[in-house]
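Notes to accompany the following structure.
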Amino acid sequence: MTASRHGPKLTATTGSQLSEHARQVFDELDLRRDASSVTSAEQLRSVLRARRLPVYDAVLDFEETASGARFWPGTALGVRTAIDAMEAAGGRLSAEQLEMVDGRPALPLLYCGDLSYWMDERGRICLVDLCPPIPAYDSLIQYLEHHSFVAERRGVDETKVHEDWHCVQGPPRLGAELSTRLGVSQFEPATGARLQVWWGSPLVIEDQTFGQFGEWTRAYTQSAGAAARALLEMEGIAPGQATWSGPAARVRRGRAALRHRIAGRSASGDAEVYEIWERAGALWIVRV
């Protein structure tokens, strides 16, 4: 994780709005706001007015409570920080350079060249990467709640991959049926129009429709047995379209029994075959 030790904890300013899960994850990871990127609402108001840019309450609230948080390697979230980066690359920012969302200008939250995050007047976080803005998250809080799950798997700024996680993937818009089959409840704080999340230990299910940024249904877990059950159910819903990745398992023949053989697809679309083995009630997946 890349985080300043000198800034305030993110949960100090957002904790009352976050779920217990998100607060616990961010506190355990000691996620702090980079002091050099923390900006108050009044400071941002002055920056925007000096450039004749729109001033939105949702953006001011974001800057006050979350500016300086790092969810992208080397770059902190923040409207002032994004404006500074854009101006360093191309001169003073004008209203004509702003991205338009539903006919209204949005303001930048993060700028990394072609990839950028923007917030619209309604407080939605939109993704841009050589394409029109996609309103991915309904609010800052939904974004933070989702990233509390991402942080468990990949670290706060997504630079550390925890290799003990399984991922079962299928087509988008299957999350509701998959969660029903697996007995997992919807997690409202992380759920919005384009991303729905279901959570029940040991499974997290995400149904994402972000256009070119990815459309899929995924089940994440550290349990080999839960991954095997998710793969079986995904195969039942979308035959031949399931993908699995995760820690390799060694088949100990002996008393182990082959229960299922599934024809699936790799992340690149190539045909793969998965076997589900059982021993003493325990299930695991093997890629053939």
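What is the one condition in (1) closer than 22 Å to Gly123 by Cβ; (2) modelled with pLDDT under 90; (3) in a loop (DSSP other than H, G, I, E, B) that Gly15 does not satisfy?
Among (1) closer than 22 Å to Gly123 by Cβ; (2) modelled with pLDDT under 90; (3) in a loop (DSSP other than H, G, I, E, B), Gly15 violates only (3).
Please work out if Pro73 is over 30 Å from Ala151 (Cα atoms) and not aromatic (Phe, Trp, Tyr).
Spelling it out, it is not the case that Pro73 is over 30 Å from Ala151 (Cα atoms) and not aromatic (Phe, Trp, Tyr).
Specify the residue that is surrounded by the most Cβ atoms within 10 Å (Cβ to Cβ); the eligible residues are those in segment 49-67 that are under 24 Å from the mean Cα position of the chain (by Cα) and of a type in the set (Val, Ile, Thr). It would help to see each step written out before you state the result.
Let us first name the residues in segment 49-67 that are under 24 Å from the mean Cα position of the chain (by Cα), namely 58-67.
Within this subset, residues satisfying the condition of being of a type in the set (Val, Ile, Thr) are 59, 65.
On the way: Val59: 26, Thr65: 20.
The selected residue is Val59.
Checking Ala190 against (1) within 30 Å of Leu283 (Cα to Cα); (2) free of Cβ contacts under 8 Å to residues at least 40 places away in the same chain, only one condition comes out false. Which one?
(2)
Residues to consider are Trp216, Trp199; find the one that is more than 29 Å from Pro132 (Cβ to Cβ), assigned to a strand (DSSP E or B), at pLDDT 95 or above and not β-branched (Val, Ile, Thr). Give the steps one after another, and end with the answer.
Values: Trp216 fails: more than 29 Å from Pro132 (Cβ to Cβ).
Every option except Trp199 fails the conditions.
Kindly list, by first and then second residue, each pair from a residue in segment 248-260 that is at positive phi to a residue that is in a loop (DSSP other than H, G, I, E, B) and modelled with pLDDT of 70 or more, limited to pairs with Cβ atoms under 6 Å and residues at least 6 apart or on different chains.
Correct list of pairs: empty, since none qualify.
Give the residue that is farthest from the chain's Cα centre (by Cα), with candidates limited to residues of segment 68-104 that are over 21 Å from Glu121 (Cα atoms) and of a type in the set (Lys, Arg).
Arg92
Under the condition of being farther than 18 Å from Pro239 by Cα and touching a strand residue (DSSP E or B) at 6+ places or on another chain (Cβ under 6 Å), which residue from segment 170-191 is surrounded by the fewest Cβ atoms within 10 Å (Cβ to Cβ)?
Of everything passing the filter in segment 170-191, Ser185 is surrounded by the fewest Cβ atoms within 10 Å (Cβ to Cβ).
Restrict the check to segment 112-120 and report whether at least one residue is surrounded by 19 or more Cβ atoms within 10 Å (Cβ to Cβ), acidic (Asp, Glu) and touching a strand residue (DSSP E or B) at 6+ places or on another chain (Cβ under 7 Å).
First pass over segment 112-120, keeping only residues surrounded by 19 or more Cβ atoms within 10 Å (Cβ to Cβ): 116-120.
Narrowing further to those that are acidic (Asp, Glu): 120.
Now narrow it down to the ones that are touching a strand residue (DSSP E or B) at 6+ places or on another chain (Cβ under 7 Å): 120.
Scanning segment 112-120, I find at least one residue that is surrounded by 19 or more Cβ atoms within 10 Å (Cβ to Cβ), acidic (Asp, Glu) and touching a strand residue (DSSP E or B) at 6+ places or on another chain (Cβ under 7 Å), so the answer is yes.
Take Ala219 and tell me if it is buried (at least 20 other Cβ atoms within 10 Å of the Cβ), out of contact with any helix residue (DSSP H, G or I) (no Cβ under 6 Å at 6 or more places or on another chain), of a type in the set (Gly, Ala, Ser) and closer than 23 Å to Arg287 by Cα.
no
Farther than 28 Å from Leu77 by Cβ and either under 20 Å from the mean Cα position of the chain (by Cα) or in a loop (DSSP other than H, G, I, E, B) (or both) - does that describe any residue in segment 231-238?
yes
The values are calculated or read from the model by the stated rules, or taken from the named source; none is laboratory data. Keep in mind it's a predicted model, so treat the numbers as computed, not measured. Every residue, glycine among them, receives a Cβ derived from its backbone with ideal geometry; neighbour counts consider all protein chains shown.
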